[in-house]
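Any read-out appearing in this document is the output of simple, stated calculations on the displayed coordinates, not a laboratory observation. Here the structure is a predicted model, which means the values were calculated and not measured. Positions of Cβ are backbone-derived with ideal geometry, glycine not excepted, and every protein chain shown enters the neighbour counts.
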Amino acid sequence: MILLALISAPLLTEFIDEAVKKFLQNFKNSLSFYRRVLVFFGCLGLLFASLLNGLTVRLPADIWADTAVLGHYKIPMAAVRFLAHETNTGPKTIFNYFDWGGYIIWTLPEDKIFLDGRGTATWRRSISKTLLEEYFDIVYQPGGIEKLNAEPARYVLLPDAPTEPQELKNELDASPDWKRIYSDDVSVIWKRIGFSTPLEQ
């Protein structure tokens, strides 16, 4: 049986090769150039569509409601729920981590955040600084708490990750004007003591 397979394999290969050549020759002869192009691109389109259908990532209509996705990207769901239950006489003013702005706006639409990922981050707040540059000065430069205290923020929401800069977090923990009121494995919240924003007056 093995001997038969060894002998017939080259013959079978030659037969298939000859059959394919004949088919292609007949195909070329039977169709005009434009028809061949049309058939080629039609086949290519079908192949591409079938690949896309197999690779499509199906996301829910409301991405912010998908807790598995939010958890994967370390979005502070529990911290924002905590903030939602904080009582204020007006909208809460939150100095937030840049990446979380969109989620906070979606979850707490009545409250005010420092910035999010839209184009407003590049707006100038002064002649020399954009909003994003001021954010980086506060979060990543020593003495950022002094600049933060000039902002009308009652709350600060930052990641609790050792890979993030620690200067501002250390300054907030050491300051008598700020109190850590929430912490989990994703984020930390501080609240400014004895302070009311213009929105609360």
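Of the residues making up the stretch 94-137, those that are of a type in the set (Asp, Glu), surrounded by 12 or more Cβ atoms within 10 Å (Cβ to Cβ) and in a loop (DSSP other than H, G, I, E, B) number 2.
So which residues in the stretch 143-191 are closer than 30 Å to HIS72 by Cα and charged (D, E, K, R)? Once the filter is applied, which keeps residues that are closer than 30 Å to HIS72 by Cα and charged (D, E, K, R), the stretch 143-191 yields ARG154, ASP160, GLU164, GLU167, LYS169, GLU171, ASP173, LYS179, ARG180, ASP184, ASP185, LYS191. Among the residues of the stretch 180-189, is any over 22 Å from TYR103 (Cβ atoms) and surrounded by 13 or more Cβ atoms within 10 Å (Cβ to Cβ)? No - not one qualifying residue is present in the stretch 180-189.
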